[in-house]
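See structure below.
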Amino acid sequence: MDEPLSFRRIIGRFAFVILLLYVLAAPQLRSDNPAPGFDVVASWMNSLSLLDWLGIVIGFLFLTALATTFSQLQYQNQAFANQQDTLPAANLPISEAVKSTAGGNGLTSAPFKPYLAFFDLIGWIQIQEPDKECLVVDAKHVIRKTRIFATPERLLGKPMSARRVLLSPAPLNDVSAKALTADHLELTLVVSAKYLVVDPAYVAGLEAPLSELENLLIGAIAEYIRGKNLEDIVRDDGTLRAELKERLENSTTIRDKFDVIEVLKALPTGDERIIEIIRQTRAEIERRTLIEQEGQNLAIQAKYDLAVERARKELKDEFEERQHFRDLEMAQLAGKLDVQKEVLRSIAAIAASGINPTTAIQEIRSMILEEGPQTADALPDNLMVEDELMELERKSIIQIQDTLGIKHYELAHKPGEPDRLDSATIILDDFEVLIDCPAGYPDEVPIVHLKLDGKQEKPAIIPWREGSNLADAVTAAVMQARIRVSNETE
């Protein structure tokens, strides 16, 4: 495609043609009797005023300029499309486009003219990596994602230029700032920082943005050095990088253009003799603090061990005291059992001699139940009248159940007579008491057998008197059973 004619060349050619035609037709147009055909043109020209001629000329010039501009833009679009593959600033990855080998300056690419498909006036602007780059057009329009962009100023011949800006660059390494500290000692801080571009339009307008950023960092770091003592900076307690990051974030000259998100390194250097003295002093202070802390820990440990030993002794004394009381109780129980055995042997001897041992039985019950002595006449005469016989027998068994260690008992009434006792089974830990009541019970003595360890039943001697009940028979039988069990064990 050939390059179209310019506006001035077209106007010149039109002017030459019109002037030539006017020179040739002038005699006829100025004649009083123009030839046929010329008379119409002459009449038309004479009918137009000066304003009409001015409007025609301006309209002609505008239409010519518009046609010329469209032709020129179409030619440029075609030429740009043919050369698009040869524009590294527009097509390379952003990390490569900002390098000096591709014409960049470290943060921005070389300037280039974006391609707009529709007569170079409107078209899609593509952003290859939206999270890492943006496009700045004419140093003021920031395009962060792919979208349609229009520039009607191109109709008036305004040129267009754009730069790609790297928003997430690599860290800026080894920025060295030197200044005097607050205590008038010379110190140098070597800092590496990770940062982001906040104002792409500002960066796109700089010739050397990395140098600009480095100078801003040096100024902010120098201000930090001048506000601190040497000892506060050289101490290695992890606060230096955090304080530097806060200072750089709050710097008014930096925060509107760049965002320092992390200080990766901060190495202080200066008079090594003074720095070494400060480090040794701090190490000695820390060692002394450690020794004091260890002493406090040993004191706490000693108090704890003493408290543990005291508690152990107290527990031992308490255990020995309880064991002593337990031994006394066992001795008392053993003595009480021996006394009971002797009493029962005496009762058995009295019963064997044919003498009624009722009074002795009552004394034994009083001793077992831990009550005062009770005579045979102590029971009221109307006791059996006030309650049923079976219920009285049941209550008497319940009264001695816990004292004698009765685990279970069963009372059976006579057939057809629910208020008269027929038999009873008393179960203890190591023997059973089996009781059969005759027809004349309770006036007649019940028949009692002992069943020791599930073996053959053995009869028991039961002293009986008027007013005796089932509890008397069970008490006598249990005493005799325990004497037999004790004798068999010995």
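The values are calculated or read from the model by the stated rules, or taken from the named source; none is laboratory data. Given the structure is predicted, the values throughout are model-derived calculations rather than measurements. As a convention, Cβ positions derive from the backbone with ideal geometry for all residues, glycine included, and neighbour counts pool all protein chains shown. In case anyone asks, the SASA skips ligands and DNA or RNA and just uses the protein heavy atoms, side chains included. Shrake-Rupley method; radii C 1.70, N 1.55, O 1.52, S 1.80 Å.
Residues in segment 467-490 that are farther than 20 Å from residue 424 by Cβ and touching a residue at least 60 places away in the same chain (Cβ under 8 Å): 2 in all.
Output yes when any residue across segment 187-208 is at pLDDT below 90, open to solvent by 10 Å² or more (accessible area, probe 1.4 Å), under 22 Å from residue 227 (Cβ atoms) and not in a helix (DSSP H, G or I), and no when none is. The answer is yes, given that some residue of segment 187-208 is at pLDDT below 90, open to solvent by 10 Å² or more (accessible area, probe 1.4 Å), under 22 Å from residue 227 (Cβ atoms) and not in a helix (DSSP H, G or I). Restricting attention to segment 53-74, and to residues there that are open to solvent by 60 Å² or more (accessible area, probe 1.4 Å) and modelled with pLDDT under 80, which single residue is farthest from residue 105 (Cα to Cα)? Per the stated criteria, the residue is 53. Residues of segment 238-251 include at least one that is open to solvent by 30 Å² or more (accessible area, probe 1.4 Å), modelled with pLDDT of 85 or more and closer than 28 Å to residue 164 by Cβ. Filtering segment 148-162 to residues that are loosely packed, with under 14 Cβ neighbours inside 10 Å and of a type in the set (A, V, I, L, M) leaves 148, 150, 156.
Considering only residues that are outside any loop (DSSP other than H, G, I, E, B) and among the β-branched types (Val, Ile, Thr), which ones fall in segment 223-252? Across segment 223-252, the qualifying residues are 225, 233, 234, 252. With respect to being modelled with pLDDT of 90 or more and either closer than 30 Å to residue 68 by Cα or open to solvent by 50 Å² or more (accessible area, probe 1.4 Å) (or both), residue 165 falls outside the description. Can you name the residue in segment 111-150 that is among the basic types (Lys, Arg) and over 42 Å from the mean Cα position of the chain (by Cα) and, of all such residues, is farthest from residue 93 (Cα to Cα)? The qualifying residue farthest from residue 93 (Cα to Cα) is 140. Within segment 132-147, track down each residue that is free of Cβ contacts under 8 Å to residues at least 40 places away in the same chain and open to solvent by less than 60 Å² (accessible area, probe 1.4 Å). Residues satisfying the conditions are 133, 135, 137, 138, 143.
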